[in-house]
Structures are given as C-alpha cells and as structure tokens.
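A short write-up of the structure that comes next.
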4 protein chains.
Amino acid sequence: MIHAGIVGATGYAGSELVRLLLSHPEAEVTAISSVSFEGKAISEVYPAYFNLCDMVCETAGQVVDKCDVVFAALPHGLSQELAKACDEKGKAFIDLGADFRLDSEEEYQKWYGGTYQDKELHEKAVYGLPELFRKDILGKRVIANPGCYTTGAPLALAPAVANGLIELTGIIIDSKSGVTGAGRGLSQGTHYPDLNEGLHAYKVASHRHTPEIEQTLSRLSGQKVHVTFVPHLLPVNRGILSTCYGRLKPDVTKAQVRKAYEDFYQDEYFVRLLPDGMNADIHNIKYSNFCDISLHIDTRCGNLIAISAIDNMVKGAAGQAIQNMNLIFGLEEASGLALVPPAF
Amino acid sequence: MIHAGIVGATGYAGSELVRLLLSHPEAEVTAISSVSFEGKAISEVYPAYFNLCDMVCETAGQVVDKCDVVFAALPHGLSQELAKACDEKGKAFIDLGADFRLDSEEEYQKWYGGTYQDKELHEKAVYGLPELFRKDILGKRVIANPGCYTTGAPLALAPAVANGLIELTGIIIDSKSGVTGAGRGLSQGTHYPDLNEGLHAYKVASHRHTPEIEQTLSRLSGQKVHVTFVPHLLPVNRGILSTCYGRLKPDVTKAQVRKAYEDFYQDEYFVRLLPDGMNADIHNIKYSNFCDISLHIDTRCGNLIAISAIDNMVKGAAGQAIQNMNLIFGLEEASGLALVPPAF
Amino acid sequence: MIHAGIVGATGYAGSELVRLLLSHPEAEVTAISSVSFEGKAISEVYPAYFNLCDMVCETAGQVVDKCDVVFAALPHGLSQELAKACDEKGKAFIDLGADFRLDSEEEYQKWYGGTYQDKELHEKAVYGLPELFRKDILGKRVIANPGCYTTGAPLALAPAVANGLIELTGIIIDSKSGVTGAGRGLSQGTHYPDLNEGLHAYKVASHRHTPEIEQTLSRLSGQKVHVTFVPHLLPVNRGILSTCYGRLKPDVTKAQVRKAYEDFYQDEYFVRLLPDGMNADIHNIKYSNFCDISLHIDTRCGNLIAISAIDNMVKGAAGQAIQNMNLIFGLEEASGLALVPPAF
Amino acid sequence: MIHAGIVGATGYAGSELVRLLLSHPEAEVTAISSVSFEGKAISEVYPAYFNLCDMVCETAGQVVDKCDVVFAALPHGLSQELAKACDEKGKAFIDLGADFRLDSEEEYQKWYGGTYQDKELHEKAVYGLPELFRKDILGKRVIANPGCYTTGAPLALAPAVANGLIELTGIIIDSKSGVTGAGRGLSQGTHYPDLNEGLHAYKVASHRHTPEIEQTLSRLSGQKVHVTFVPHLLPVNRGILSTCYGRLKPDVTKAQVRKAYEDFYQDEYFVRLLPDGMNADIHNIKYSNFCDISLHIDTRCGNLIAISAIDNMVKGAAGQAIQNMNLIFGLEEASGLALVPPAF
C-alpha cells in the first residue's frame, strides 16, 4: 500500500485527490495538510466526506515525513520548496500547480512572474501528460501534472499536429470550463447569482495556460507553435469542452484524419475517440478520468474541428495526478481510476 | 461472481444499475433488456458508457435465462409476470417498481388501479428497506425495492416513530426531488427551459408513495399512521430532501431524541446522522448510497423536524437494490456501494 | 415626476430598485448611494445597466437631500438614523430592512439584538404589506417594507387565518428561496459549486423572519399565533415557494376555503389565485410583482396546504417597496409594476 | 394602436412576442393562433401569463383578418403561403422563420430542401437586421426576421468586415446558445437531466444558419465570404454568446479596430460596445433587446476576437421582430423595447 499525502488538501483539487484515493486499491491517504484549516478535519470543510474521511489537516512537513508520495495542490510559486524537501527525503512529488510545467524559465517569468529557484530540480522534473509523454514519465520522481485546459485541448489536437495534418499557424482553441476550475476561493464572478444563467469569456488570449499548450504542441510537431486560446466560464460544476480549430493541409482527407486519431489513441484507455455522428459532451465524462474526442471536418472552409471533453477535476487535475502516481510506482495505469461516468 | 440481469435497462434506474454493477467486485451485468431499444447497445442510449458497457439489449426472457438475479425497472403492473417467471426458474427477483411494495391489495387497487395476479407470489415478496426491515429480507427471493420518496422520509422519521417520541397524527412530509425521479421519458414539465429556475409542488397530498410511507411508519409504530405528503420538483438532477415534521410528545427532550436516533442507526453504515449544527444537503450525498439525516427541534412550537437527504437514483433506487442483492446473496451489505460522494 | 433615491443601491435589493424605477412612468432615480462603491458608477458594479444607468454612487446624505422618497436597502440596525433624517427633512422613507418591521421592541431585541433608538419614530412607521394592511399605509411616511419570506407565506395563509378556517396552532411553513435572497455578499454557501445541484434547510425554526410572520398572522386572527418556519436554499436565482400547512377546523369544506380566498383577494391585482389543478411555481412569477397562490386540501388528514410563489427581489423586496411608494404618493398602485413574467 | 397578430403564438418565439407586445405602448395583441392549441387560452400553455393574457388561440386566417401586422413563428416552409395571404390583404408580414431570409433560392434548397413558391413575393421581402440594413427595411411590408445565431455573430463581425480590417477567409464563429433556441418541442437532448451540467457542440459546420451569416457578411464586404460556424448547446435558458475569430490584416492596430466599431455603432441604441476590460456576458443582456460586444486582440497570433451576447428570444427573435415592426410602421425604433436587463 502506497502512503500518499496531500499538501493543500482542502482546495478543490486536493479534496478531489482525497475522494479518488479513498477508493484506490493500492494507495491510501496517510496525511493531509492545509494552511487555512490546520487542525480541522477535512470533513468539516467538505461534509460530503463525513464518516468516510475525518482525517485532520496537519502541516506540510508532517505530510512529507509520513508519505511515499506527496501531491501538492498549491498556488503557483509555493511548490518549489516543497519539491526540494521531497527530493531530499526521497519522496515522490506530484505537483498539481504550475511551477514545474514550463521548460522555459523565460516563459515562466513572463506568464507567472517568478523564477526557477533550483534549476537542477527543474531538470529532474517531467511533464506528466501520460498519453503524450508516457516514456518520459517512467522512472521520474518529480512530476509536473498538467493544468486543466492544457490536458483537453492538446489531446484533441495531438494526432493532427504530430502527423502534420494541419497548419501550425492559425490554431484556435475555444474552451468552456465548469466553475470548479476557478477553485474554492470566493469571488464575485463565482457567486451563484452572478454566474448562473450566464456565460462569458475571460482572460481572452492572455490565459496562463497558453504557453503550456504551446509547449506541448511544439514538442509534438518539432516546431514552435502559437495558438489563440480563449477560455470561457460555464455555469456547470465540472467539465471542460475544448473546441479546437485547425486549417487542414491541402489534400488531407477526412479518412486520413480519422485513421491518424485511431492509430494515435488505439492503446489509450482514457481517451475515447467517438464514432462519427457523436459529439463530445462534458455530460458524459463527469466524475471520470476519460477524455472524449469527436472529430469534425468543415470541408467548405478546409478546417479540422476537434472537440475534447474532460472532467477538469479528474483528468484535468486529481485523476491525472493519480495516473502519474500509478505510472511512477509501477502500478496499472488505470488503478483506482476505472470510474464509470454517470449517465446523468 | 453473481450474474445479474436488468430488465428495463435503458430507463434511468436501469442504467444506474448498470453503472453501479460495473464496479461491483462480486457481481457482473450478464444481460440487459429494453423494449424500446432491443437490439441496440446501451452505450448508444447513454454515451457516458461508451467503451465501458456496449452490451446489447435483449429480451426480458433472455435476461431471466442467463442470470442469477433479475432486477426489474419497469412501469407498475409489468413486474408480476416477470417475478413469476423468475420464481419458477429459481432466479432471485428484485423489483424497482411498485407491484410488490404494498401489503394491502386494497391500497394497491386504490392508488395504482391494478390487482394482485398471484397472491402466493405476493406473500413470498418482502419489502426491501434494509435499515428498517433487514431481518425480513434475509433468505427471501422476491424483493420489493422501495420507491425514492419512500426511502428517505421513513428513514428520517423511523426512530421517532418507533420510539413513540412524536404523535402519530399530524405528520407532515415536505419532499423536494431532483428531476431524474421523473424518469427518462419526455414531458413538458421536464423540458429544460420549463423546469430550469422553477420550483413547484405536484400531486399534492395525492402521490402514490403516500400509502407506502404510511405502511412503513405503521409497521414501526404498530398503529395505522396517516401522513400529509407533498412532493416538489427541483431543478437539479439528483437528490431528494425530505423535511419531516412531527409533534413531539409532552416532555420529550432534544437529548432523548438525539439518543434515540443514535441508538437506532448506530450500526447502519449507510445512514449518517449529522452532528448538531449541520444540515442535511442533497449536495453531500450525490452519487452515493448514503442517507444523511439532521435533527432539529422547534421548542417554541413543540415540533421535531427531521431532514433526510438521499440520492434518489442510488439509495432511492439502484443502490438500495444492490444492497438488497448483497443481503440475499450473503455478501457484505456495502459491497460495491462504498461510494464516496463527491464534494462538488 | 417623483424623485427617488436609493441608499444601499449596490446590494441586490437596491440594484433591483434601480432597474424597476428606470421603467417607472412617474418616478425617476435621482440619486443613489453605496458605502462600498462610493464614487463609482452602478454600471461598473452591474454591467447589465451599462449605458442605461451609469449614475455614480454618492453619500446617503446627498441622497436624502436630493429626493422626495428614500429607499433604504441596508443591513439591519442602520436604518433608524436614516429614517430620522428623512423624517426631519420631510422626505418619505421606505425601509427594505428589518428595523421598523416589528411592533414589539422586545421581539426585535430577541431576534436582532438591537434596541429602538427613537420610539416616536417607530410609532410613525407602518408595516407595508398592501394586500393585508393597505388602509394603514395610506398617508404614512415611514414604511417598513416586509421581508421576502414574510410576504409570500402570510399571503398564502391570510384568508384562512382571517376567516378562522384553520387552527392557529400547528401551522407549518416550509419555504424554499432562490439564492439572491442571501444577497450580493460572498459566502462559501453561495459559491457556485457548493450550492449548485444542492438543497438544504438553514436556520431551521430559528430564522429572523419568524416573528414577523407571526406578527402578521396574529394581527389577522386577533390572537397570538406561533408557526414553525423552515427556510431552504434553492439553486435558482429568484423566487420563493412557501408550502404552508394548517389543520382545517372541523367541517370546513374545500368549497368554503376556495370561496374565502376568492373573496379575500378579488380586488388584488398582484395576487393570482390559481384555479384548481394548477400548482404555484416560482417559474411563472419571475421578474414580476405577482404572488401566485394554489390551494390544496388533504382530506385524508384534514390539512389545508396553501402554496405561494413570489419573486423574492420584486414582490419580496423592490417591487413591493415601489408598490408602497405608489400608495403613499397617491399613484396607481401598479404604476411601473405591470410586469409580465417571462414564460421561460 | 397597431393591431398585431401572432401565428404560432404558443411556440417560444410566439409566446415571447405576446409578452413583449403586452407592454408595447403603441401596439396590442389582437389575435393569436396555434395549430396545437386552437381553442385554448395561451395562459393554459404558459401559466406565467395567467390573468394577463388569457386570449384564446384562433386560426391563422382569423389572425390575418383581424390584424395590421402578422408575426409568423412557424417551422420553415410554412410561411410562404401566409405571407401571400397577408400581401394580398395588405397586411404587413414579419416572418420569424427562415423562408424569406436567403436571397439565393439555391442556397435555400441546399440547406432547407424547399423551393420558393412565389418569386415575386420573395423579391418584395427584405432581411430585417436593422443595425446593418435599416435603409432597406423602411417602407417594406414583408420582413424576414433574422435567426438567433445570425443576429449576434454578424453584429460582432460587421464593423471589421465592412471596413476590411480582417481577412475574409478563415473566419471562425464559435457560438453557445441557451436551450430556448431549441424551441418548446420535446427532445431527449433538451430533457432536463440529459442537458443539465452538460455542454456539447451540434451540427458542427453544418448548421442552417451558416448561409445566412455568410450572406450578411458577403453583403457587408462585397465579396463572397465563407465561415466555419460551430454552435453549442448551453444549460441556460436564454442567451447566445458568439466568440468570433478573424485574422487581422497586416498593420491593423487595436486602436483602429476600436475606432471602427465605435463609429459603426455610435448611433445604435441596441448595440452596447463594451469598454476594454469588460467581457460580453449573456448574463447581462437577458430579457432585453441589447447586443453587447467586447473586442479583444491576440497580438501574438494576429487575431481579432469579437464577442457578442444577445438574448436569443429577444434580439434574436421576438424583440428584433418588434423592432422591425416599429421601423415599418414609423414608430420610435425602441418603442416597447427599452427593457432594462436584470442584473441577476
């Protein structure tokens, strides 16, 4: 049994890790921490866990000491020190924050405003999007778990980009996210009456996940890729739908596209490439680790439209983190994650 | 491994059985049927199950032949014949419909308009609300699984009624149900724009679950109990909150009430009696088999207010049916049902 | 043209007053104030008003000076001083807060913890529920506008109580309110993901609107009435449904009840007594000043069930305040309030 | 007073016309018809209108006879005959359906499958998007009221297209619509539990509004424009957000774009060009005839992102139809349409 710890357990991503790990057959939550709720039981914060996990929040240091693997769900800038402590004590570290996601410190500075405090540690870190970079993850101990937008959109585009089916300029990603993506912290924009029955874009073409998406697509294509990324805030709890647009290269056929996607994802349990005629819907992947993808061609304009749906808290956060844990600990990759999405 | 079959698998209760059984460690879905979708895969009806359960709908007869236990999720009036077929072939039968719930054929005629076709079979049947009538269920093969309203409200009132803490006249049950309780069938009232941002009562003091609630409370008290039951339709997918009002008998104290509930439910895994200060909320039991209960006393008016929250599709339908299956097959009662409700 | 001012214009009730007064043919918003947003335009706070009302928030004192009538939408305890200032300057004052609602200072102290600073002023104040106390309102200049719960539930019960059709003990009011009732202030309970797909009771039998409801029912009956009042928080923006239960006196018939309600409300434009077979639904009164009432009899248990639906921000706050303004300024009572509720 | 009639009054667009016309100072609903509900009062279909409009549905012929202007809210293919009848009797005809929207019969055949029965009549018809084609509308008697998607997206792109600021190839329109856009008719996809907490695209790059959008942009630019149009179905009642992407021509600056939009819409009451920093949100235009537009530039990729928000039932249907009526009858264009959107 793997002893798992969660630093920042009372945020949404942290609490979702608690939930998923409670059902994991080969790992258990051994310790949790929270700055805001130290000394309190997590079930006081989330009454859904009453009687099921009444574990009390300790300090981050206690979590590191007691566990084999530490998940961190912290605001950016706070993970580097913790990663170092884990590294020194030989604990695996899986970061749900942004501190280790970008290879380029320059990009990190530009978008997040911080610096890389320990460059050696950053070199040890690996970007944990298993479907695209599984080989790199195996054997590593510091994992940068991707962000929510940066999981679904790249998965929708990866086969097209990796196989040179679309132009690398002019890619547009129009994403719509459920509210949990904004976290547990209060804000006017997530106050129920202000959000309900509403929909708006935010951080248009300036969201911090942009360079992360571009990094992934650049790796896959071998060329520097820029994308226009526009996120929207949806009045639903969970789920991100990313509608991704790319210009098909001349003479690329619908059949070629479909074949490329089928080949690319044929061994991927968590990617469900939908048959023609079905549309990816966040309704169908809620509370699961699946990424549904539907493919559409606009033959009139020569565009590929690839649409992905993920649960931002599972495949976009806690589920993928556990998938990474499974990978680096040599477990079945889907262990604890064979979650059937509810039909409603 | 128990071979389970579902007749009426494409309705909401049937499809929820599919979902839960897919994760059951000791049972598997062996066959499913549907009149409307015979020959079609259930994943065509519920794309959430794509790749996870692409089982094709057969006939009810095929389900009976292939399975050890048959769950029926059918409109009332259609279960009796099926129950008989199961009985004759030695298959266990768990009915999510109403045909076997009422002891009194007279009441059944009055509220449902039908008759008991095979009285012997009805005598073999038992009402499957394990927390209240577990002993009666063990060893039985024909189980009448309770309705959704008829699970949560009686659980909220049972300790008070069984211990004589409240008057047996004047009980009021004000229930609020999520929309899945109305089923998959289309109606103007469940058309999204007509229901969204709305709330109304329906079948006021005339809902068919009334005699079933009364039957349970009468058994517990040993006296004929009548209740005023008013259901409301909520714009949420899942969950029933039942706010139950009873007049406290003279000199009954808050401490006595609490003690009675604690004793009554101390060994019940699926009932979570909330500490004082917490309010039962359907938010906290979604997708789980738990029934949360909070207790409140109006000392100014001398009323007990007991509030229960259940997921109508799980504890109010499919989950409880599996709980009954576990019981009659000698499994751990919570096998496959240790579902942690998501915190959001 | 009446010059209307709003103190506390950036709260929900205040901003709804702005919206309604913008369409009033005989009144106009002349000045608004807000402690939190002084110097800012209300359209910065509520972008819905962009270009339509870009009026800048001033101080409360400025509002009093510039206007004929001052609406106050403030936390309790803050209205008394303002009322005095209005009284001294001869301005009409309509208070959407609780400071002048209760006749009994003792009750006010018990439920709100404050005292009556100026008893003479309190004697000048009148409770502004026009359908029940219109005669008292005419000619007055200090109006206590009722709370949201305290409008819908009393209107549902008034004809029965006033005509002695139900027992005065044992009345139960089970109310369900949309989230705007909790105001614009942030709280975890109104954070979108924590509330969405949820439902729970709160302040069970201890909500501050209890004595106000009791005061109204006591006036109507001439006897001290106590009620059990349980409010619930609904995941919708607007609307309160109050399901009110009372024990019918012996031999009272359904026809008598209906007749009493028809007579009581025959001249009331804003009360829509629904025909038998229809159920009051908050869906049907949104954004309007109507109170829909449906009547139901549980003949098995001898209970009257009267259900009312109002928009908590209109008939439960800003609309009723304007109705009071119309009354005391001698306008048509429905002036500016003939709002057709949208069908969806 | 203009006598207005509505054919197809019990559909969503028809019933919204009823609501808006009830508050129109210079027009009144004189007759309504409905095939499904002939002989029934509209308030039986929409209880929101109880007591306010209990008008009974007659036949289409009766509506034509009694009214000065006939609004038709019918499935496509059914308006042509009605238009002819109106034309012959000298009644103005405003069609909320698609039959008269496309200039090209070829396109109509391709996308709708029908033919133009009376070419002369089609030549008399004019496309009623006042902000773009006001001059053409004045003096006409057969108005093709635009579709919902075809109002918001063109308004977002018009100034850029008309002024040659963006390339005419590669335009992408990603729209998200509330459910009322799908109408009152029942379907599995609009059944509450199947839609709630979901989001998906539909008719990807194949929606019938595509040629209509292209026709408008082609008129504005003087060149044939093709667009990739992807609509999505949102779990909200009302509102369409259209996120429109176009490649800026070389050297076009942000300031130029803003200036072009300000000039283009400076006299348009119903278009609210939002200041930089604000994002168009369907939350802020609900129940109003406004079209909010926010402008964003992705300087990294050279894209203009123009986002519009409209209420699909008002500016996208009934409100715009009344705006057209006002125009052709010589009334103030905003008469009856100065609706303040609620802040929540």
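The values are calculated or read from the model by the stated rules, or taken from the named source; none is laboratory data. All figures in this text were calculated on a predicted structure; none of them were measured in a lab. Counting neighbours? That spans all protein chains shown, and the Cβs are built from the backbone with ideal geometry, glycine included. Calculation scope for accessible area: heavy atoms of the full protein, side chains included, ligands and nucleic acids excluded. Shrake-Rupley method; radii C 1.70, N 1.55, O 1.52, S 1.80 Å.
For a quick check of understanding: with a 1.4 angstrom probe and all protein chains in place, what accessible area in square angstrom does A:Thr30 have, to the nearest ten?
Its heavy atoms expose roughly 40 Å² to the probe.
Return one whole number: the accessible area per residue of the protein assembly as shown in Å², for a 1.4 Å probe.
On a per-residue basis, the protein assembly as shown sits at 31 Å².
Between the chain alone and the structure with every protein chain in place, find the residues of segment D:294-313 that drop at least 50 Å² of accessible area; heavy atoms, 1.4 Å probe.
D:Arg300
Using a label point 7 Å beyond Cα on the Cα-Cβ vector, give me the inter-copy distances for B:Ser36 in nanometres, one decimal, shortest first.
1.8, 4.2, 4.6
Work from the charge dipole of segment A:165-224 (Cβ charges, +1 for Lys and Arg, -1 for Asp and Glu, about the Cα centre) and give the residue of A:Ser221, A:Ala205, A:Leu168 farthest towards its positive end.
Projecting each Cα onto the dipole axis, the largest value belongs to A:Ser221.
What are the nm distances, shortest first, from C:Tyr202 to its equivalents in the other copies, labels at 7 Å along Cα→Cβ?
Label-point separations across copies, in nm and ascending: 2.1, 2.8, 3.5.
As a check on your grasp of the helix formula, calculate [θ] at 222 nm for chain C: sum -39500 (n - 2.57) over DSSP H runs of n ≥ 4, divide by the residue count, round to the nearest 500.
-9000 deg cm²/dmol
In the neighborhood of D:His3, defined by Cβ-to-Cβ distances under 14 Å, what is the net charge if each Lys or Arg adds +1 and each Asp or Glu adds -1?
With Lys, Arg at +1 and Asp, Glu at -1, the neighbours total -2.
Which value, in Å² and to the nearest 10, is the accessible area of B:Lys224 when all protein chains are kept and the probe is 1.4 Å?
Rounded to the nearest 10, that gives 120 Å².
Which aspartates and glutamates does C:Lys176 reach when only Cα atoms under 13 Å apart count, and residues fewer than 8 places away in its own chain are ignored?
B:Asp174, B:Glu197, C:Asp281, C:Asp311
Assign unit charges at the C-beta atoms only (+1 for Lys and Arg, -1 for Asp and Glu), then state the dipole size of segment B:160-229 relative to its Cα centre in Debye, rounded to the nearest 20.
The calculation lands at about 220 debye.
Taking one equal scatterer on every alpha-carbon of segment B:34-148, how large is log10 of I(q)/I(0) by Debye at q = 0.15, 0.16, 0.19 1/Å?
-0.72, -0.80, -1.03
Would you work out the relative contact order for segment D:1-151, in percent, from Cα pairs under 8 angstrom that are 6 or more residues apart?
Taking the mean separation of contacting Cα pairs over the length of segment D:1-151, I get 20 percent.
In what order, largest first, do B:Cys291, B:Cys301 sit by accessible area if the probe radius is 1.4 Å?
Most to least solvent-accessible, the answer reads B:Cys301, B:Cys291.
Hey, got the Cα dimensions of segment A:149-312 along the principal axes, in Å, largest first?
49, 29, 29
Let me check something: with ligands and nucleic acids excluded, how do B:His232, D:His296 order by accessible area (1.4 Å probe), largest to smallest?
The residues order as D:His296, B:His232, largest area first.
Can you list, shortest first in nanometers, how far A:Thr115 lies from the same residue in the other copies, with each label 7 Å from Cα toward Cβ?
Here A:Thr115 shows inter-copy label distances of 6.2, 7.8, 9.1 nm.
Carbon and sulfur atoms: what percent of the 1.4 Å accessible area of segment C:201-328 do they account for?
C and S atoms contribute 48 percent here.
Given contacts defined as C-alpha pairs under 8 Å and at least six residues apart, what's the relative contact order of chain D, whole-number percent?
Here the relative contact order equals 17 percent.
Please state, rounded to one decimal and in Å, the Kirkwood hydrodynamic radius that chain C gives when every pair of distinct Cα atoms enters the mean of 1/r.
For chain C, inverting the mean 1/r across all distinct Cα pairs yields 20.3 Å.
Looking at A:Gly139, A:Leu52, A:Tyr108, which one has the Cα that reaches farthest to the positive end of the dipole of chain A (charges on Cβ: Lys, Arg +1; Asp, Glu -1)?
The one lying farthest along the dipole's positive direction is A:Tyr108.
With a 1.4 Å probe, what is the total accessible area buried between chains C and B, in Å² rounded to the nearest 100?
Its buried surface, counting both partners, is about 3700 Å².
Which pairs in the list C:Lys84/D:Lys286; C:Lys254/C:Lys286; B:Lys249/C:Lys224; C:Lys315/D:Lys140; A:Lys224/D:Lys315 are over 31 Å apart, alpha-carbon to alpha-carbon?
As for pairs spanning more than 31 Å Cα to Cα, those are C:Lys84/D:Lys286; C:Lys315/D:Lys140; A:Lys224/D:Lys315.
As a test question: what accessible area, to the nearest 10 Å², does A:Asp118 have when a 1.4 Å probe is rolled over all protein chains in place?
Surface accessible to solvent at A:Asp118 totals approximately 40 Å².
Classify the protein assembly as shown as rounded, prolate or oblate, taking a ≥ b ≥ c as the square roots of the eigenvalues of its Cα gyration tensor: rounded when a/c is under 1.5, otherwise prolate if a/b is larger than b/c and oblate if not.
rounded
What part of the accessible area of segment B:5-154, given as a whole %, is carbon or sulfur when the probe is 1.4 angstrom?
Of all accessible area on segment B:5-154, carbon and sulfur atoms account for 48 percent.
May I ask what percent, to the nearest 5, of DSSP beta bridges between residues of segment B:149-312 are antiparallel?
70 percent
Explain nothing, just the number: dipole magnitude of segment D:149-312 about its Cα centre with +1 on each Lys and Arg Cβ and -1 on each Asp and Glu Cβ, in debye rounded to the nearest 20.
240 debye
Add +1 for every Lys or Arg and -1 for every Asp or Glu among the other residues with Cβ under 12 Å from the Cβ of A:Asp54, and state the total.
+1
Taking the alpha-carbon distance from B:Lys89 and a cut-off under 13 Å, which aspartates and glutamates remain once sequence neighbours fewer than 8 residues away in the same chain are dropped?
B:Asp65, B:Asp68, B:Glu81
Normalise the Cα radius of gyration of segment D:260-344 by 2.2 N^0.38 Å (N = residues in it) and let me know the number.
Here the answer is 1.20, to two decimals.
Treat every Asp and Glu Cβ in chain C as -1 and every Lys and Arg Cβ as +1, leave all other atoms uncharged, and give the resulting dipole magnitude about the Cα centre to the nearest 20 debye.
580 debye
Projected onto the charge dipole of chain D (+1 at Lys/Arg Cβ, -1 at Asp/Glu Cβ, origin at the Cα centre), which of D:Ser187, D:Leu233, D:Ala92 gives the Cα projection farthest towards the positive end?
Comparing the listed Cα positions along the dipole, D:Leu233 ranks first.
For the rotation that brings chain C onto chain B, whose beta-carbon in chain C is nearest the axis, and what is that distance in whole angstrom?
Here the value is C:Asp174, 2.
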